[in-house]
Amino acid sequence: MMPKTYQLASLITLAILIPSLFLGYTYFADADAIQKIYADVDTIDQINPKITKATIIFTLNITNPTTRDITDLSSTFDIFIQDNYVGKGSFSNFSIPAQTTKFKQVSITVSYGGIADSAVDIFTNWVSGQDTTLTIEGTMTASVLFGLTTASHSYTASST
């Protein structure tokens with residue numbers, strides 16, 4: 001028979017070890033799920049020109065192929081038209097259930113300075129009947145471990 005001090009030490013060790021293993025598994029499973037999320041630019045919905053800037057509204061198709069729900073997803077990203085930088089954008093407070101695809105409409109405002117660089121490419125594509133490519137490069141961040149911390153990963157999404 002074990003002395004009581006050894007029994008107590010064993011119980012304390014188990015009381016610390018089991019929750020630690022559970023929390024560790026949960027964190028790594030959530031973080032792994034975020035790594036597997038991917039996005040595509042589904043459509044460019046509108047381009048609203050103004051005098052000094054333009055508003056571009058597009059829809060992202062965000063897919064969660066994992067068995068874990070993703071909550072509080074946010075992203076910051078740079079936007080390129082035909083490989084020319086035109087501005088930056090973001091979205092936040094987006095949740096996506098496990099094994100689903102959801103659409104997120106994003107509105108960004110860009111100055112004409114950024115669009116001017118890609119204007120020739122846009123015109124050339126329009127004349128030849130080709131689509132203009134919109135690409136975003138950014139980082140997605142989401143809550144993990146029951147909202148106690150976050151995990152993130154870089155991604156690229158394109159309209160082609």
- Query: Based solely on its DSSP helices, what 222 nm [θ] is calculated for the chain when runs of n ≥ 4 H residues each add -39,500 (n - 2.57) and the sum is averaged over all residues, nearest 500 deg cm²/dmol?
  - Reply: -11000 deg cm²/dmol
- Query: By how many nm would the segment from TYR85 to THR156 lengthen if fully extended, with 0.36 nm per residue of separation less the alpha-carbon distance?
  - Reply: 24.2 nm
- Query: Mind checking the angle between helix 4-36 and the chain's longest principal axis? C-alpha axes, 0 to 90 degrees, to the nearest 10.
  - Reply: 10 degrees
- Message: Along the Cα→Cβ direction, 7 angstrom out, place labels at LYS36 and LEU8. What is the inter-label distance in nm?
- Response: 4.5 nm
- Label-point separation in nm, THR63 to ILE51, each point 7 Å along Cα→Cβ: 4.5 nm
- Message: Taking the 0 to 90 degree range and rounding to the nearest ten, how far is the long axis of helix 112-128 tilted relative to the main principal axis of the chain, both from C-alpha atoms?
- Response: 70 degrees
- Round to the nearest 0.05 the FRET efficiency obtained for PHE28 and VAL127 when R0 = 45 Å and r is the Cβ-Cβ distance. 0.30
- What are the residues whose amide H is under 5 Å from the amide H of VAL86, where those residues sit 5 or more places off or on another chain and H is modelled from the backbone? ILE79, PHE80, ILE81
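Read-outs throughout are calculated quantities, based only on the coordinates presented, and are distinct from any laboratory measurement. Source: prediction; values computed, not measured. No Cβ is skipped: glycine too gets one built from the backbone with ideal geometry, and neighbour counts run over all protein chains shown.
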